[in-house]
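Here the structure is laid out as structure tokens; the discussion comes afterwards.
Values in this text are rule-based calculations from the coordinates and carry no lab data. Model, not experiment: these values are computed from the prediction. Cβ coordinates were reconstructed from backbone atoms using ideal geometry, including for glycine residues, and neighbour counts include every protein chain displayed.
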Amino acid sequence: MFENRLLKVYKHKSKQAKRLNISCWRVYDHDLPEFPFCIELYDDKVYLAEYLRRHGMTDEEHEAWLEACVVVVCKILSVKNEDVYIKQRRRMHHRNQQYEKLDAAKEFFTVEENGLKFLINLTDYLDTGLFLDHRTTRQLFKEQSINKRVLNLFCYTGSFSVYAANAGAASVTSVDLSKTYLTWAEDNFVINQFKDKEKYHFIHEDVKQYLKTLQPNSFDLTIIDPPTFSNSKRMKDFLDIQRDHAELLNDVLHATSPNGIVYFSTNFTKFVLEKEKINATEIKDITKATTPFDFEGKLKRWCYLIKK
């Protein structure tokens, strides 16, 4: 059953990936309840995440079942067993887990997306270093970045920043509370040969506090993709995106130039945008427009374009 389903979705999606010249894409996402996997391709390597559930198997039975599933994956995707990286994760719809370290193998490799290079790690963290569901959003953001002062908040590994630098942004500022991910973002700039330290800034700070320090007309274009919830010891206050999003966005808009643009995304599935509290001239839901082919019908995030 799993083999038939995986073959069907792989045949369909691989044609689109080839047509679009995409080598990193999601193949399968919990298509069958009995096989609760997320399977992604990164060139010739496979990320296989099993969502934890009450499967009723003993440890030995589960291990044998999982190995049999890996055999099927290798067969259908034509990859080697050693190139399948397995993770186990709870069924969660937000990215607060991205800062949880699982290993210390530090096994990085480089992939390309739209001609840009990104470092990927399939061993050490729950997330890989590149959120594939924002592939289309990154391209739209790039088109808006030309000659703009760009701000990337909760920047993670800086993929939006790389796109902006490639577009010829006047400046790119990337902010995150994790030194690990800021270093990763800087490394992504290095491998793309973006070396102008006068234009590219990496700031290790709590985003909520950082925004309070900004003057009006500091930036023209911002991407903000926060975790649903965060209570890091390094923060002065915890973050709850449903509670805090209006204040966060108003602080961003305060620092934005007239007619500036803010892209806002959240993975909180029950999220409700409080439009009446946001000081914007226009708010447009671009979730559907930013959904890549490999996430159609499976996307569990919201995305908005907000104009000052």
- Query: Label-point separation (nm) for residue 109 and residue 52, each offset 7 Å from Cα along Cα-to-Cβ?
  - Reply: 2.8
- Angle between the chain longest axis and helix 2-19 axis [Cα atoms, degrees, rounded to 10]: 40
- Query: So, in nm, how far is label residue 203 from label residue 277 when the simple model puts each one 7 Å beyond its Cα toward the Cβ?
  - Reply: 2.3
- Query: Lysine pairs in the range 2-91 with alpha-carbon atoms under 21 Å apart, 8 or more places apart or on different chains: how many are there?
  - Reply: 19
- So the FRET efficiency between residue 244 and residue 288, C-beta based with R0 = 30 Å and rounded to 0.05, is 0.75
- Using Cα pairs under 8 angstrom and six or more residues apart, how large is the relative contact order of the range 111-307, in percent? 18
- Query: How much length, in nm to one decimal, is gained on full extension between residue 183 and residue 117, taken as 0.36 nm per residue of separation minus their Cα-Cα distance?
  - Reply: 22.2 nm
- Item | Relative contact order [Cα under 8 Å, 6+ residues apart], the range 2-91, whole percent | 28
- Query: Quick one: putting +1 on the C-beta of Lys and Arg, -1 on the C-beta of Asp and Glu, what dipole do you get for the chain around its Cα centre, in Debye to the nearest 20?
  - Reply: 860
- When the charge dipole of the chain is computed with +1 at the Cβ of Lys and Arg and -1 at the Cβ of Asp and Glu, the Cα pointing farthest to the positive end, of 289, 21, 84, is that of 289
- Message: With +1 assigned to the C-beta of every Lys and Arg and -1 to the C-beta of every Asp and Glu, and no other charges, what is the dipole magnitude of the range 2-91 about the Cα centre in debye, to the nearest 20?
- Response: 680
- Message: Can you give me the distance in nm between label points at residue 300 and residue 75, each placed 7 Å from the Cα along the Cα-to-Cβ direction?
- Response: 2.9
- Gap separating the Cα centres of the range 235-308 and the range 21-89, nearest whole Å: 32
- Message: Can you tell me how the range 177-308 classifies by the Cα gyration tensor, rounded, prolate or oblate, using a/c under 1.5 as the rounded cut?
- Response: rounded
- Message: Assuming 0.36 nm per residue, please report the length gained on full extension of the stretch residue 65 to residue 44 beyond their Cα-Cα distance.
- Response: 5.2 nm
